[in-house]
Amino acid sequence: MATETSEAAGEEFDDRFFDRGRVESLLQGGLYGFAVLMLLFLWLPLLVIIVLSFVESPSVVSPGGVTLSNYGGLAGDTDLHSSVVTSFSIATLSAVIATVFGVLASFALTRYRFEFREIYRTFGIIPMIVPGVILGVGLRFYFQSVPGVDPSFLATVLTHSLYGLPFVLLIVTARLYTFDESLEEAARDLGADPLTTFRDVTLPVIAPAVGAGFLFAWVRSFEDFIRALFVSGISATPLTQWMYGKITKASVDNLLTLNAVSTLVVLGIAVALAVAMNVGNVTGYVAGTVDDDEE
Amino acid sequence: MAAPDRDETSRATIVRVLSRRRNTLGVTVGPGAVWIVLLLVAPLAFMSAVSFATIENFQIVWDPTLEHYYDLFAGGTTEYSLGPVGFTTTAFEEAIMLSYAIATVATVLCLVLAFPLAYVMARLNDRMFKIVIYLVLLPFFTMYLVRAYSWVLMFGQNGILNQVLGLLGFGRVGAFEYGLLPVIVGLTHAYFPYMLVTLYASLDGLDFTLIEAARDLGASRFEVVKDHIIPLTMPGIVGGSLFVFVPSVGAFVTPQILGVGKVQMIGILIENRAIGEATNPATASAASMVVVVSVVAALFLVFRYVSLDELGGV
């Protein structure tokens, strides 16, 4: 913003600066216009889904009438219901595991110097980076050879708990790096034992980061399709597998049902995100710009 | 009063155990390490073992062979000629070249399209920023499958894009039919937020007074971008490219539903060998290992320039 003030000052002295100011504002307009276009690019397909969930035929030329019947049909779809329950269970269980292990590992990485620390950190991030197909295929063959696991609900929970680990790790280590350890020393000096110190001093400070990590791990599990494709087997059908079945058997009815389900997903995420953004500094965790002022 | 007493003792035990550094280290490092070894290292090791094993009657026989790797690269059937040099390629070679080409295009598109938006976001005031970041994060958190599916509606011979063109009096555009273009657009759209968030994280830490100073001292816009903005945001550019490129190489859903069999990327080939029509765990493993090796090579290259801490954005 300081650029504008310096130019405004320049205009009074010299015409040359006036020209520069005009070019500047034109460029600025172009930049902002482009930014708006990009937001539109992100949103356009989602808006199309939402609009086409309220019509009788999935077409902009002849959408038929406006209707809520696409949503009415969802109420009686037991396959859909059980897949939603499956996805919620998998996401919650795997996010809990990822959060507990991820928080512990974050302490190890930020507080201690030990052999293989760098390797530990790198391998902690890898599950996020390995392409889903490869993690899925690798774990599928692995689980098939381990008696009692097989591709199943349990296998999916294990897979997603590994997949969620890096998200917790990145967010919580970022928080712990900025954590003022003298707070803990003070508590210890005043006679608190390690457990009390953790509960009353450390945890309240890192709680928002832990919550954000849990949320990330949960969402990543809930939306995962490719890993679950290989490890969920025939016994467990998460929501994404149910949706994929509808996409590959594209009929008008299936598309309209999908539009309705997708709209509900977008709506659910919209509400959850709005709440999360008002409660905590979600943007900080996502963009890695956690600052100290929320302590 | 027995219960609280016992509680006190077990608590004292925990405290005593935790006050020894070695124990604390074990408790914090242990669970994650076990998980990583059991669910990441072991499966990848197992997969690499399978890739060297012999398959007889759909059973794995532990008889080492290089046959599966050989099959991936030898005996190509599709003929090409590059000037005077003629050569043949296998389905695997084509899939991996196509995957890298598509991933490169998607990464460059994401970078070019996301940079201006990330720059604008870094300069917005708090109120506007909150609105824009909400609009960006919502698609970011929305199911990948929903975002891929949204382009199923947009493209296609009778997709929204062609319908709109029809309404405006133009003919249908062949490129809008399912195939290469929809796959590239779908991948760009899918991973755009990853790039944006990572770029924003490094642009947000940028000292804009530096840029003003450079401008005041007579640097042109182009020079400022080339000499200051790009070098200073290099970690974000490299990190964001990584987050787009690697998953794009291994993409399955997007080429599957938007390519309708016309865009055979490596993810589809691996899925096909793993659980699809041409099931052969050893071939699927060998193909996966080639991708893993190339991804690891890419990571090594990247981490020579940026450290993991700097990647920040998730």
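Look at region A:109-127: where a residue is within 8 Å of another protein chain (Cβ to nearest Cβ) and a partner is among the charged types (D, E, K, R) and part of a helix (DSSP H, G or I), sitting 6+ places away or on another chain with Cβ atoms under 8 Å, you get A:Tyr112/B:Arg21. Of all residues in region A:177-194, none satisfies being among the hydrophobic types (A, V, I, L, M, F, W, C), under 16 Å from B:Leu39 (Cβ atoms) and either touching a residue at least 12 places away in the same chain (Cβ under 8 Å) or outside any helix (DSSP H, G or I) (or both). Out of curiosity, is B:Thr28 modelled with pLDDT under 75 and out of contact with any His (no Cβ under 7 Å at 6 or more places or on another chain)? No, not satisfied.
One line per residue, one yes/no per condition, for (1) among the basic types (Lys, Arg); (2) in contact (Cβ under 8 Å) with a residue 40 or more places away in the chain; (3) in a helix (DSSP H, G or I):
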site: B:Ile237; (1), (2), (3): no, yes, yes
site: B:Val246; (1), (2), (3): no, yes, yes
site: B:Lys262; (1), (2), (3): yes, yes, no
site: B:Leu269; (1), (2), (3): no, yes, yes
site: B:Ser285; (1), (2), (3): no, yes, yes
site: B:Val291; (1), (2), (3): no, yes, yes
site: B:Val296; (1), (2), (3): no, no, yes
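Count, please, the residues in region B:187-231 that happen to be within 12 Å of another protein chain (Cβ to nearest Cβ) and assigned to a helix (DSSP H, G or I).
Summing the residues that are within 12 Å of another protein chain (Cβ to nearest Cβ) and assigned to a helix (DSSP H, G or I) in region B:187-231 gives 30.
Kindly check whether there is at least one residue in region B:120-130 that is polar (S, T, N, Q), in the same structural domain as B:Val185 (by TED's automatic domain parsing) and at pLDDT below 85. Taking every residue of region B:120-130 in turn, at least one turns out to be polar (S, T, N, Q), in the same structural domain as B:Val185 (by TED's automatic domain parsing) and at pLDDT below 85.
Those helices (runs of 4 or more DSSP H) of region A:227-295 in which at least 1 residues are at pLDDT below 80 and of a type outside the set (S, T, N, Q), considering only elements entirely within it, cover A:252-279, A:282-287.
Residue by residue, here is whether (1) out of contact with any helix residue (DSSP H, G or I) (no Cβ under 9 Å at 6 or more places or on another chain); (2) surrounded by 23 or more Cβ atoms within 10 Å (Cβ to Cβ); (3) part of a loop (DSSP other than H, G, I, E, B) holds:
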residue: A:Glu115; (1), (2), (3): yes, no, yes
residue: A:Ile119; (1), (2), (3): yes, no, no
residue: A:Phe123; (1), (2), (3): no, no, no
residue: A:Pro151; (1), (2), (3): no, yes, yes
residue: A:Gly164; (1), (2), (3): no, yes, no
residue: A:Phe167; (1), (2), (3): no, yes, no
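Scanning region A:229-245 for residues that are more than 14 Å from A:Val84 (Cβ to Cβ) and buried (at least 16 other Cβ atoms within 10 Å of the Cβ) returns A:Leu229, A:Phe230, A:Val231, A:Ser232, A:Gly233, A:Tyr244. Of all residues in region B:106-127, those that are over 24 Å from B:Thr254 (Cα atoms) and in contact (Cβ under 8 Å) with a residue 40 or more places away in the chain total 6.
Remark: B:Ile184 matches the filter, which requires a residue to be in a helix (DSSP H, G or I), more than 11 Å from chain A (Cβ to nearest Cβ) and either touching a helix residue (DSSP H, G or I) at 6+ places or on another chain (Cβ under 7 Å) or crowded, with 20+ Cβ neighbours inside 10 Å (or both). Here A:Arg140, A:Arg113 are screened, and the one residue that is basic (Lys, Arg) and at pLDDT 80 or above is A:Arg140.
The values are calculated or read from the model by the stated rules, or taken from the named source; none is laboratory data. Remember, predicted model here, so these are calculated numbers, not experimental data. With ideal geometry, Cβ positions are generated from the backbone for all residues, glycine too; neighbour counts draw on all protein chains shown.
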